[in-house]
Amino acid sequence: MNIREEILSGVNKIVIKIGTRVLTNEDGFLDKHQIMELSKQVIQLRASGYSVVVVSSGSVGAGIRALGFQKRPGNLPELQAAAAIGQGKLIEIYNECFKKHGYHAAQLLLTRQDFEDRQRYLNTCNTLHSLLNFKTIPIINENDTISVEEITFGDNDILSALVTNLLRADLLILLSSVDGLYTTPPTSGKSCSVLSVVDTISDDIRKLAFKQKTREGIGGMESKLEAAGIATGSGEAVIIANGRQPDILSKIMNYENVGTLFIPNKKKIASRKRWIGFIARPKGKIYIDDGALNALLKKGKSLLPSGVVKVDGDFIKGDIVSILNVNENTEAARGLMNYSTGEVQKIKGLRSSLIKKTLGYKPYDEIIHRDNMVLL
């Protein structure tokens, strides 16, 4: 049994992200024939017993063309207007394709706040699981009509990784206009090949990301590697493949050597810790010394005030923060705070026994308890 069969044979739930360039023709218009072909492949997966959720780009591109723009607008109101028009066109085509096979397209438009807020996060999760019990294919997109810079995902690669985490899906497939992760940029003119398997998303692997963005899309290999890191870090496999290749989904699930497979971490992370470590954005930073770092990484300890060197940001109890090594400025973990910024400023570097003397109270010995922390 090869590595692909070993990993993919146990897959039950799949998130498929389809990029803008996969869905549009050379002129930038939605390619209905292409959407129909991909829809057939999605239905085939459902008929084979897989649970499938689609994260689809294309709404802004569809709206841009409908409004007569020659290029992607640079201001937010026009982008939102294009999304409002294009989203309806996109979901209409999906629904038309699915209905021919007895399924319905179920549209979900999400913002970053739907993931940041724990209750909305759980509500989204419940809705998706309910839809998967019916003859529906959830089609998810960012709610570009209301998103602003503070709440945007930036591209659907990251959104698809967050959806994968939310659902605890087994596999994320990122369908793009490229064949996978190349050893050199395909536009460099040099001979290049596609990596079949990536064990770890190291700094050397990140250097292989080429910064090429199409006029319709805003993503690139850099964002795909970030998405792959989010999903594999929680224990899910990721494949980047060419969505224009015929029967690509069938080839992937038949263990053919197409695209780039990213190996998941061996240990799956519980749902609550996924939210802490990979979904909710940190409100601040806690810098710790080498002793505290060693206690977290090698001894499985909680973070005590004695190991804290510096604090950045404005957070309160219950907020998520990043934990960084002060000497290397690298993120080692994330966790839920037991104290606010002001409180940590007062007790940093102190033994836990001195917390009450300093603050006048001591609800916790730990700045962040191990149970509320995720190592990265």
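Read-outs: derived from the displayed coordinates by stated rules, not from any lab. Given the structure is predicted, the values throughout are model-derived calculations rather than measurements. Cβ placement follows ideal geometry from the backbone for every residue including glycine, while neighbour counts extend to all protein chains displayed.
Sparse packing (at most 13 other Cβ atoms within 10 Å of the Cβ) combined with a DSSP loop state is found for the following trypsin sites (Lys or Arg not before Pro) in the stretch 8-75: LYS71.
For trypsin sites (Lys or Arg not before Pro), the sites in the stretch 102-147 that DSSP calls loop and that have at most 16 other Cβ atoms within 10 Å are LYS135. Exposed loop sites here mean GluC sites (Glu not before Pro) with a DSSP loop assignment and at most 10 other beta-carbon atoms within 10 Å; the chain contains its longest site-free run at 151-327. Close amide H pairs (under 5 Å, H built 1.01 Å from N) link LEU110 with ASN141, GLU142, ASN143, residues at least 5 positions away or on another chain. Helical runs assigned H by DSSP (4 residues or longer) give the chain a calculated mean residue ellipticity at 222 nm of -10500 deg cm²/dmol, each run adding -39500 (n - 2.57) before division by the residue total. Sparsely packed loop sites in the stretch 285-363 (the trypsin sites (Lys or Arg not before Pro) outside DSSP H, G, I, E and B with at most 12 other Cβ atoms within 10 Å) comprise LYS317, ARG351. The charge dipole of the chain, taken about the Cα centre with unit charges on the Cβ atoms of Lys, Arg (+1) and Asp, Glu (-1), comes to about 920 debye, rounded to the nearest 20.
Take every Cα pair under 8 Å whose residues are at least 6 apart in sequence, average their separation, divide by the length of the stretch 282-375, and the relative contact order is 32 percent. On full extension, the segment bounded by ALA270 and SER193 gains 24.1 nm, given 0.36 nm per residue less the C-alpha separation. Express the relative contact order of the stretch 219-274 as a whole percentage, based on alpha carbon pairs under 8 Å and six or more residues apart in sequence. Once divided by the residue count of the stretch 219-274, the mean separation gives 43 percent. Each 10 Å bin, from zero up to the one with the longest distance, holds this percent of the alpha carbon pairs of the stretch 1-125: 11, 34, 33, 18, 3, 0. Taking the Cα atoms of the chain, the ratio Rg/Rh between the radius of gyration and the Kirkwood radius comes to 1.01.
Between ILE316 and LEU76, what FRET efficiency follows from the Cβ-Cβ distance if R0 is 22 Å, with the result rounded to 0.05? Result of the calculation: an efficiency of 0.15. Candidate cross-link partners of LYS40 among the lysines, defined by an alpha-carbon separation under 26 Å and a same-chain spacing of 8 or more, comprise LYS13, LYS17, LYS32, LYS89, LYS99, LYS100, LYS135, LYS224, LYS251. Taking Cα atoms only, the orientation of helix 76-99 departs from the longest principal axis of the chain by about 60 degrees.
Applying 1/(1 + (r/R0)^6) with r as the Cβ-Cβ distance of GLU26 and TYR361 and R0 = 51 angstrom yields a FRET efficiency of 0.20.
Relative contact order for the stretch 1-146: 24 percent, from Cα pairs under 8 Å spaced at least 6 residues apart, divided by residue count.
What the phi angles of the stretch 107-120 give under the Karplus curve with 6.51, -1.76 and 1.60, with θ = phi - 60°, is a coupling list of 8, 10, 10, 10, 10, 4, 5, 5, 9, 5, 7, 4, 5, 5 Hz, glycine and proline written as x. Remark on the stretch 282-375: ratio of C-alpha radius of gyration to 2.2 N^0.38 Å is 0.94.
Note on GLN245 and THR330: the model spin-label points, each 7 Å out from Cα along the C-beta direction, lie 3.3 nm apart.
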